[in-house]
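Before any comments, here is the structure.
The values are calculated or read from the model by the stated rules, or taken from the named source; none is laboratory data. The shown structure was predicted, so the numbers you read here are calculated from the model rather than taken from an experiment. Note: ideal-geometry Cβ built from the backbone for every residue, glycine included; neighbour counts use all protein chains shown. All accessible areas refer to the heavy atoms of the entire protein, side chains included, with ligands and DNA or RNA removed. Shrake-Rupley method; radii C 1.70, N 1.55, O 1.52, S 1.80 Å.
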Amino acid sequence: MTVAYASGKVILFGEHAVVYGYPAIAVPVTEVQAQAWVEPGPGGQGVVVVAPDLGRRVVVREAADDDPLARIVRLTLQAMRRTVEPDLTITVTSTVPIARGMGSGAAVSTAIVRALAGHFHHWFPSRAISDLVYQTEILYHGTPSGIDNTVIAFEKPVYFIKDRGWEIFWVGKPFRLVIADTGIMSSTREVVSDVRRRYQSAPDQYRSLFERIGQIAVAARTAIQQGDLDAMAALMDENHALLQEIGVSCPELDRLVTAAREGGALGAKLSGAGRGGNMIALVTEETEGRVSMMLRLTGATHVIATEVR
Ligand code: MEV
């Protein structure tokens, strides 16, 4: 049996604007993970993916072309030049919350690629894994920027510009984040399409919002590399205000952001597509406990603390 893992992620700066070619920054969150086990299956069954958390059992050869679990298996076997379908059972579980902006789909797909590669003693560079996973992100998200598959496949902080590339960059001084879940599922595909509609009806206004978000991501990269927490915090607050203007926040996210700041967070913002899902707060060792408590008291369904390094 071969087991492989993939972590979740949060976007620190630049969500939504990244879809339009502006830079964004994302980091892996290893506290949540998808796991995939590959083991030989009964003869003649082909590949079957069992995902108990999703209540799914997918017989790959019978699955629709647009089934993301089947697609990642097919693409990975093709990339390994396996012409004969093997008899395998792949079991997938995940602690990455679904539809909350933490990259659950990309994490599951990445874990499957890694587990299949491990099973066949094949080595994929992270770039190849990211490219394979992107093909399933299209099914989950419609027009994904590609940031989720990149940060999850590389498992390092990334500075990302759609269609132009990405850079893994060094964090000057490790910093702590509290991630809090509104408990509201949010469809990235729907929120991204709605933003596109709004952009089409007010292009100048939206372009200037995206542009400012892009400038924030550029400045944030410098702040992160210099270990300047105060600058990062101010940029997070400004990024959240711009995301509110874009129309992707919601009362639950705003309440958590306010609670985090009142609890002593240096800065806070929503993370991911918005209209539910998670928010992030920049904290110190001293304020982490109080911020986490405030977030729980304000209705967060899950609170995770992570260190970015
Ligand atoms: C989703 O994690 C982030 C968005 O910017 C969409 C994308 O980048 O594909 C909202």
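Summary of computed values
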item: Pair list, Cβ < 7 Å and 6+ apart or interchain, from the stretch 134-148 residues that are closer than 17 Å to Ile98 by Cα and free of Cβ contacts under 8 Å to residues at least 60 places away in the same chain to residues that are of a type in the set (A, V, I, L, M, F, W, C) and near the ligand (Cβ under 6 Å from one of its atoms); result: His141/Val192; Gly142/Val192
item: Test: residue in the stretch 177-187 that is within 11 Å of the ligand (Cβ to nearest atom), of a type in the set (D, E, K, R) and either assigned to a strand (DSSP E or B) or over 30 Å from Ala260 (Cα atoms) (or both); result: no
item: Hey, Thr89 outside any loop (DSSP other than H, G, I, E, B) and of a type in the set (S, T, N, Q) or not; result: yes
item: Single match in Val96, Val18, Val49, Val3 (criterion: part of a strand (DSSP E or B) and open to solvent by less than 30 Å² (accessible area, probe 1.4 Å)); result: Val49
item: Residue within the stretch 274-286 that is open to solvent by 10 Å² or more (accessible area, probe 1.4 Å), within 16 Å of the ligand (Cβ to nearest atom) and not aromatic (Phe, Trp, Tyr) present; result: yes
item: Output for the stretch 120-143, where each listed residue is aliphatic (A, V, I, L, M) and within 16 Å of the ligand (Cβ to nearest atom); result: Val133, Ile138, Leu139
item: Identity of the residue in the stretch 99-134, among the aromatic types (Phe, Trp, Tyr) and either at pLDDT below 95 or open to solvent by 30 Å² or more (accessible area, probe 1.4 Å) (or both), that ends up farthest from Ala51 (Cα to Cα); result: Trp123
item: Sole residue being within 16 Å of Ala34 (Cβ to Cβ), within 16 Å of the ligand (Cβ to nearest atom) and of a type in the set (A, V, I, L, M), chosen from Ala106, Ala117, Ala111; result: Ala106
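Residue by residue, here is whether (1) within 19 Å of Val10 (Cβ to Cβ); (2) outside any helix (DSSP H, G or I); (3) more than 17 Å from the chain's Cα centre (by Cα) holds:
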position: Asn149; (1), (2), (3): yes, no, no
position: Ala153; (1), (2), (3): yes, no, no
position: Lys173; (1), (2), (3): yes, yes, yes
position: Glu190; (1), (2), (3): no, no, no
